[in-house]
Amino acid sequence: LLGTGELKEVLGKDWIDRQRRIVQQHAAAYQRTSWNKIFGLLTSQGLSADGKEGSVSRNALKERFRVFNATFEELHRSQCVWKIPDPELRSAVQLQIAEVLLPAYRSFVQRYTPVLESGGRFGRSSEAASKYIRFSEESLDSLLNEFFQGRESRNILLTQPSAAR
């Protein structure tokens, strides 16, 4: 709507450009305040076993996935009820999140699934990983598309399969 010729004539190009910058600033602030914690959970920082370089603590990794799952569930619960009425802006914000979250999540899961699987007993290694890795990349993407719709979120704890790959 802001880019239409009619608005440019009435409001002027400078005003429209200024409003776009303001929207971009708000989007960046939103991403920082809402998502930096979850992005930080998808790093290797704090996962080393006994401070050894390259060695990963399974317990720290399990806790990291537990906190990621809980944090994402809370974001989903709160941000589904938020409303962005403009479908184009809503899609742009969802895409902005997905472009950062999904590659980071994919990389983290690929890197650390073998560590979780190495602890499985009696041939149940994939069960060990799926216990902690609750979301597939596809399910996260689908859940992100529910954000900003202005309606109650569904209980993803009950409806999400624990498939990660």
Chain lengthening between GLU9 and SER44 when straightened (0.36 nm per residue, less Cα-Cα): 7.5 nm
Most to least packed among 73-84, 10-21 [average Cβ atoms within 10 Å]: 73-84, 10-21
Set of aspartates and glutamates near LYS131 by C-alpha distance (under 17 Å), chain-local residues within fewer than 8 positions excluded: GLU63, GLU73, GLU117
Per-pair calculated FRET efficiency, R0 = 25 Å: ASN36 and GLN149 via Cβ, rounded to 0.05: 0.60
Around PHE108: net Lys/Arg minus Asp/Glu count, Cβ-Cβ under 12 Å: +2
Distant-in-sequence amide H partners of SER48 (H built 1.01 Å from N, under 5 Å): SER57
Span from the the stretch 22-48 Cα centroid across to the the stretch 94-119 one, whole angstrom: 15 Å
Which of ILE22, ILE38 is most accessible, then next, and so on - probe 1.4 Å: ILE22, ILE38
Cα gyration tensor shape for the stretch 59-117, rounded if a/c is under 1.5, else prolate or oblate: oblate
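The values are calculated or read from the model by the stated rules, or taken from the named source; none is laboratory data. None of the values given here were measured: they were computed from a predicted structure. All Cβ positions, even for glycine, are placed from backbone atoms using ideal geometry, and neighbour counts span all protein chains on display. The protein model used for the area step is the full one, side chains on, heavy atoms only, and it has no ligands, DNA or RNA in it. Shrake-Rupley method; radii C 1.70, N 1.55, O 1.52, S 1.80 Å.
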